[in-house]
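The values are calculated or read from the model by the stated rules, or taken from the named source; none is laboratory data. As the structure is a prediction and not an experimental result, all values here were calculated from the model. No Cβ is skipped: glycine too gets one built from the backbone with ideal geometry, and neighbour counts run over all protein chains shown. The area values use the complete protein model at the heavy-atom level, side chains included, leaving out ligands, DNA and RNA. Shrake-Rupley method; radii C 1.70, N 1.55, O 1.52, S 1.80 Å.
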Amino acid sequence: FWFLHGFDAEEDLVGSLAHMSTKERIKAIQKMPETMRKKREIRNKVLKEISKKSRHHGAQPSCCTQCLQGAAVSFRRFGNTLSEYFDQLRIWHKTLKIIGAEFGTSVLSYFVFLKWLLNFNIFSFLINFGFITIPQFLAAEPSNLSFTGLELFTGAGYFQQTVLYYGFYTNATISKIENGPSYNMQLAYIFTVGIYFVICFLILLFSMMIFFFRSFVPKTFSVNASNLFCIWDFNITNERAVKLKQKNLHTQIKEGLTDVNKEVLNYSMTERLRRTAIHLIAWLASLGTAVAACTGVYFLSVNNLKLFVEGYRNDLEGQAAMLVLPVIVSLLNTLIPFFFSWLGHLEKFQTPGQHIYVTIIRNTILKMSIVGILCYYWLNVVATSESQCWETLVGQDIYRLVLVDFIFCLLGSFFGEFLRRIIGTTVCIRLGPPEFDIGRNVLDLIYAQTLTWIGILFSPLLPGIQTIAFFIVFFVKKVSLMRNCQPPHKVWRTTQMMTSFILLLFCPSFLGVVSVIGVTVWRLKPSEECGPFRGLSSMYAAVDEWIQILDSYTAYRWVVWIYHNLIKSVLFFFALSTFVL
């Protein structure tokens, strides 16, 4: 085929393709280094040639065969049209290519991770909305509270009597048809949340496995050689697309050469001691800052709860007080990472990768410690308070934290990148435009996703809110990156970057959230006056009652056996944990 294609006689090519079987002909046309338009022209000529030969030999197909062939061609054309349409809907595909060409794979990994989290939250929102919120709409009564607009910032007031929070959901069995099928809201609530976390666990586990295989398993071929000789796409004919592909390939080759030509610096004993002392002081300063921040957050949250219990002189003062805790927490999470980045610049790491990974570890310690302190406050202080519906109170706290964190993320792009560019290009030209801080921005995403996972039990629609926030953050960060930031001074390959992001999302973020949800479901007593589990000793008691009911039916004894021998078996979970590890 390739030998014939080298000649100018296109008739020979068409004739050779016409003698092939349908499967071989399709594969041969697909492998041609031609544009899609040219391939379609060749395919049409081949089909015409085949039809001419059929008429010449008098082998006219039957009416049924013609109908089947026509339907197959129409279906194939419809599939191609649908595929092209979905390719146009991938609005971020071109954006990610531009980012990778301009700033390299290190900055690109942040946007790929953000897109991955966005898809994650869309999936979560669809599950909760379909199995929890829609059934509640059938049994809900309209809220008698008025909407003032402040609820968008505080999450209280009108939203308190809506499907946004746990306390609004009923504990009754929903049935709109007499003697018809019913819907147990207690089981739907706990099983939807539980199965969702199992699916998240499997997705994270297999994602880590896939990224680990791509990043750490040694290749049997030269990546640089394959990029140089085999990566070009001959279907590209658009001039802008060609230039973008050339720039992307140029960046990838530079990153590969940087890995090959790593410089090994040999320091003297005095220089090593000095660098070790600087690293030690930086770590002590970062850990001390994290401890001080956590202590302040805990005492502020406890005093804030006392003020809630005692009440406020007016409603406006109460609404403003609700925002004190999330604003302080977001301030700490925004300002302290800048301090960590400054410490990293003082330490003068040998490679940008070392700087980013150390910054990520310090930010992880800070943010996860603050989240841990807040979880301790919610489960040990709020849950035992005199509040009528402590679950809704926790949901409102998390809603405000997510919202204020989103606002500070946008402000961080303005003050941390836009103003920094103005200063570096006009006031102090020596500084120059800023570089995109990958470590700080990635930890902002992991922190926001951690809050969303914790809040799913107390605010089922929180993933939908986080989806909107991530969508806006993507475009704000993209515009800020293109207009305010410069490419990294040192080009370097980030083969393990995405693997590290998923690993941090899994541990400590996801495993910590599962621990918090487990304590809430198994240990804490639900509120007596609100929520689907009111009147029970724990949320999990609803499952025990359901199993007792199933035990009386012979047809469902297998479910009871699985529950007692697997779900409640320590040995089963030990074997499962061993398999996961």
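Quick look at the values:
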item: Close pairs from segment 405-418: first not assigned by the TED database to the domain that holds LEU325, partner open to solvent by less than 20 Å² (accessible area, probe 1.4 Å) and assigned to a helix (DSSP H, G or I), Cβ under 9 Å, at least 6 apart; result: none
item: Subset of segment 510-555 (residues that are under 30 Å from the mean Cα position of the chain (by Cα) and among the small types (Gly, Ala, Ser)); result: GLY512, SER515, GLY518, GLY531
item: Flag if VAL394 is assigned to a helix (DSSP H, G or I), farther than 20 Å from PHE299 by Cβ and either open to solvent by less than 10 Å² (accessible area, probe 1.4 Å) or among the aliphatic types (A, V, I, L, M) (or both); result: no
item: Where SER124 falls short, out of the listed (1) closer than 19 Å to ALA469 by Cβ; (2) surrounded by fewer than 21 Cβ atoms within 10 Å (Cβ to Cβ); result: (2)
item: Matching residues, segment 495-517, being within 14 Å of TRP378 (Cβ to Cβ) and open to solvent by less than 20 Å² (accessible area, probe 1.4 Å); result: VAL513, ILE517
item: Residue check, TRP92 of a type in the set (Phe, Trp, Tyr), surrounded by 11 or more Cβ atoms within 10 Å (Cβ to Cβ), modelled with pLDDT under 80 and part of a helix (DSSP H, G or I); result: yes
item: Top-ranked residue in segment 547-581 [being in contact with a Leu (Cβ under 6 Å, 6 or more places away or on another chain) and among the aromatic types (Phe, Trp, Tyr); ranked as farthest from TYR183 (Cα to Cα)]; result: PHE572
item: Among the residues listed as LEU331, LEU346, the single one being hydrophobic (A, V, I, L, M, F, W, C), open to solvent by 20 Å² or more (accessible area, probe 1.4 Å) and more than 25 Å from the chain's Cα centre (by Cα); result: LEU346
item: Residues of segment 17-41 satisfying the condition of being farther than 19 Å from SER51 by Cα and not β-branched (Val, Ile, Thr); result: LYS27, ALA28, GLN30, LYS31, MET32, PRO33, GLU34, MET36, ARG37, LYS38
item: Selected residue (criterion: least open to solvent (accessible area, probe 1.4 Å)) from residues of segment 556-570 that are at pLDDT 85 or above and hydrophobic (A, V, I, L, M, F, W, C); result: VAL560
